[in-house]
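K.L.:
Next up is a structure, given as structure tokens.
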Amino acid sequence: MRRNIVAGNWKMNKTFQEADDLINEISEGLDELNLRNVDVIMCPPFPYLELMTDYAQEANFGVGAQNVSCYETGAYTGEVSAKMLQSIDVEYCIIGHSERRKYFNETDEMLTLKAGMLLKCGILPIFCCGEELPEREAGNHFNVVKKQLETALFGLDPLDFAKIIVAYEPVWAIGTGVTATTEQAQEMHAYIRSLITDKYGKEVAKNTSILYGGSCNAKNAKELFANPDVDGGLIGGASLVAEDFIKIIKSF
Ligand code: PGA
């Protein structure tokens, strides 16, 4: 079923102690909220996932990783498998973030493998897509996002695709303080939903959560989330400040 979702992507931030303090603060903030209409997910760096899943048992949020290996097991130094994530109760995993595409050469073909690994282990992929600034300026943004979705995910069967959460993150908006306008976000989200409708039918498309990411913060979240096809946000910088993250959640 389509859900409103606010997911925090901590990226490569916080020491263990700082992470513990932040989780504590956010958990306290969540305690005071009625979370019936929104799912909260937190995606810390790998070393803090277990700490997070411990907290998650008491507090009302889901835990996600920021990456997963496209390999199953064995001699892949430095990699973390979907099965390992499953074994510590991780429920979600971001794949295809633009920083991974850019700095670690992640391709849509690799993302197909990653999505497959996660789904096999019952972990829900949060699939990131989005165009670079020159691509938008050239009017090519719809094609870029279409190709990312088609190449990485449209080989999945409908039952598996139904488990995907999509995050539209225009690269020019990530960490820049420049947010997509609500019109730009709604337009792209509606387009993504139309692609899903064409491929998998109305029912699957209607039930897919499509999040917006890119300088989404406590001030602009309400306006962004008010759009009919924006089902929440993938939050970077603002998820590192408990007060701001809670305010974003309250925007629903
Ligand atoms: P930002 O990052 O909110 O700091 O722009 C979003 C993301 O990269 O997921």
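K.L.:
Residue separation times 0.36 nm, minus the C-alpha to C-alpha distance between Tyr71 and Glu109: what's the value?
P.N.:
Value of the extension gain: 12.4 nm.
K.L.:
Does a label point 7 Å from the Cα of Tyr191, set along Cα-to-beta-carbon, have any residues of the stretch 99-113 with amide nitrogen under 20 Å, and which are they?
P.N.:
Within reach of a label on Tyr191: 99, 108.
K.L.:
For the stretch 231-246 and the stretch 93-107, what is the separation of their C-alpha centers, rounded to whole Å?
P.N.:
Each part's Cα centre sits 20 Å from the other's.
K.L.:
Also, I was wondering about something else. Summing -39500 (n - 2.57) over the DSSP H runs of n ≥ 4 in the chain and dividing by its residue number, what mean residue ellipticity at 222 nm do you reach, to the nearest 500 deg cm²/dmol?
P.N.:
Calculated from helices alone, the mean residue ellipticity at 222 nm is -12500 deg cm²/dmol.
K.L.:
If you don't mind, another one. With an 8 Å cut-off on Cα pairs and a minimum separation of 6 or more residues, tell me the relative contact order of the stretch 189-252 in percent.
P.N.:
Once normalised by length, the contact order is 31 percent.
K.L.:
Would you mind working out the magnitude of the charge dipole of the chain relative to its Cα centre, with +1 at each Lys and Arg C-beta and -1 at each Asp and Glu C-beta, to the nearest 20 Debye?
P.N.:
In total the dipole reaches around 640 debye.
K.L.:
I need Ile23, Ile248 ordered by Cβ neighbour count within 10 Å, fewest first.
P.N.:
Placing the least packed residue first, the sequence is Ile23, Ile248.
K.L.:
While we're on this one: What are the residues whose amide H is under 5 Å from the amide H of Ala65, where those residues sit 5 or more places off or on another chain and H is modelled from the backbone?
P.N.:
Here Tyr92, Cys93, Ile94 satisfy the definition.
K.L.:
Continuing with this model, one more query. Please give every one of the lysines within straight-line cross-link reach of Lys247, meaning a C-alpha to C-alpha distance under 28 Å, and leave out same-chain neighbours fewer than 8 residues apart.
P.N.:
Result set, ordered by chain and number: Lys11, Lys14, Lys163, Lys206, Lys219, Lys222.
K.L.:
For Lys120, give me every one of the aspartates and glutamates with a C-alpha distance below 15 angstrom, ignoring sequence neighbours fewer than eight places off in its own chain.
P.N.:
Within reach: Glu72, Asp89, Glu91, Asp157, Asp160.
Every read-out reported here was derived from the displayed coordinates using simple, explicitly stated rules and does not represent laboratory data. As the structure is a computational prediction, the values presented were derived from the model and not from experiment. Don't worry about glycine lacking a Cβ; one is built from the backbone with ideal geometry, like all the others, and counts go over all protein chains shown.
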